[in-house]
Amino acid sequence: MSQVTTTPQRTALYHCHLESKAKMVDFAGWEMPIEYSGIKKEHEAVRSKAGLFDLSHMGECFVSGSGALNWLQSLFTNDLSKIEVGKAQYGCMCNEQGRVLDDMIIYRFQDKWMVVMNASNREKIVHWMEKHKPADIHMDDASLRTSLIAIQGPQAQEILQKHVDIDLEKVPYYGFLEGKSCGLAGIISRTGYTGEDGFELYLPWDEAAAVWRTLVQEAEPIGLGARDTLRLESGYALYGHELSEDITPLDASLGWVTKLDKGEFVGRQAIQAYKEKGVQRCLVGLEMEGRSIPREGYPLHAGGKQVGVVTSGTFSPSLKRGIALASVETGLRAVGTEIEVEIRGRNERARVTRLPFVKGSVKRG
């Protein structure tokens, strides 16, 4: 019996990555760059200057119709009525049990909305939205027509400003404008996943390579490896690690994007009941005291018993020590709490620390 094999998809920037000598890997069904010049070097380039990311594997779905706001509100944990045109908001979509289907950013335009979701969950979320869609709502999954390039770092604005036709000072944090990048019309937003200031360029799929080739002259190309160490230093959750269909947003310390008082949404009643009963787990940052490096799945101990698990762990290039995001019992969330990480049969000391581990140049105003 022959085995069915699926070939990973390639973004429109695939050949740009090969030109930069990228090491390619299969990620969420896409052939993506894991590193170019080395994870540590790329990480430091973003923290000190600017780095360029291909995020074209992520999903973008446009939603329109007179009832679009109310409908999206019924699926989303955050309160979209609080944002103006030209702004974006982070939150989750949950199932009826209040478990996280995906975390995402939703953008508000004058006459439509754009839902930006994780690559690994795109088909699931599009199907979920279609399943709940009223007849008067129009959905357009533009994922395979949209290239997404991010430039992140303290010099990102200075570098990008020379190549766009808008004043980037007028793009606030979690805001966006429509404009041209290297003459190519698209959406220019300012969110980010590294803790550094930066912008995202949503561009026509087949034409984005020219923009990449222009910007890569001044910004270092960055692979998924450094993207992960950067987001971890910034304390950002990653679906499949800190978030999953096994937990509620409250278990991942995302109560701040779960507005239970905004009105009904899928999963709200289950989350409300769980909150009233008492949330059992939370997400914390851990910093190792010694030289050991925590990794995903390592057990955590305190008071002679297992109290949690590492959800993401790495060696921090900025702090020069091991750091982790971890799911622990809520009673252990206080900064300074001692927790032991079981590493290859030995318990290594760590402490709960404030997030983010590293404060970058991001302008949160």
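In summary, segment 68-142 shows an alpha-carbon radius of gyration equal to 1.03 times the 2.2 N^0.38 Å reference for compact globular proteins. Computed over the chain with a Gaussian network model linking Cα atoms closer than 10 Å, the most mobile of Asp197, Asp136, Asp102 is Asp136. Karplus-based coupling profile of segment 348-358, in residue order and whole Hz: 10, 6, 9, 10, 5, 10, 5, 9, x, 5, 10, with θ = phi - 60° in 6.51 cos²θ - 1.76 cosθ + 1.60 and x standing for Gly or Pro. Residues within the reach of a label modelled at Arg344 (point 7 angstrom out along Cα to beta-carbon, backbone nitrogen below 11 Å), restricted to segment 290-312, are 292-293.
Computed about the Cα centre, the dipole magnitude for segment 153-285 is approximately 380 debye when only Lys and Arg (+1) and Asp and Glu (-1) carry charge, each at its Cβ. Computed from the Cβ-Cβ distance with R0 of 30 Å, the FRET efficiency linking Ala334 to Asp206 stands at 0.05. Measuring against 20 Å, Cα to Cα, the residue pairs Lys131/Lys259; Lys49/Lys359; Lys40/Lys363; Lys49/Lys87; Lys82/Lys180; Lys41/Lys320 contain Lys131/Lys259; Lys40/Lys363; Lys49/Lys87; Lys82/Lys180 as the ones spanning a longer distance. Against the compact-protein benchmark of 2.2 N^0.38 Å, the Cα-based radius of gyration of the chain scales to 1.00.
The value of relative contact order for segment 249-353, using C-alpha pairs under 8 Å at least six residues apart, is 28 percent.
Expressed as a rounded percentage, what relative contact order does the chain have, with Cα pairs under 8 Å and six or more residues apart?
Working: 833 pairs, mean separation 66.1, N = 365.
Result for the chain is 18 percent.
What does the extension gain come out to for Glu84 and Thr6, with contour length at 0.36 nm per residue minus their alpha carbon separation? Numbers along the way, then the final one.
Values: separation 78, 0.36 × 78 = 28.08 nm, distance 4.18 nm.
Fully extending the segment from Glu84 to Thr6 adds 23.9 nm.
Taken one residue at a time, the phi angles of segment 237-252 give Karplus couplings (6.51, -1.76, 1.60, θ = phi - 60°) of 6, 10, 4, x, 10, 7, 10, 6, 6, 8, 9, 8, x, 5, 5, 9 Hz. Gly and Pro are set to x. Just so you know, the averaged projected area of the alpha carbon convex hull for segment 249-353 sits at 7.6 nm².
No lab work stands behind these numbers, since they all come straight from the coordinates. Please read all numbers here as calculations on a predicted model, not as lab measurements. When we count neighbours, we look across all protein chains shown, and the Cβ atoms used for this are built from the backbone with ideal geometry, even at glycine.
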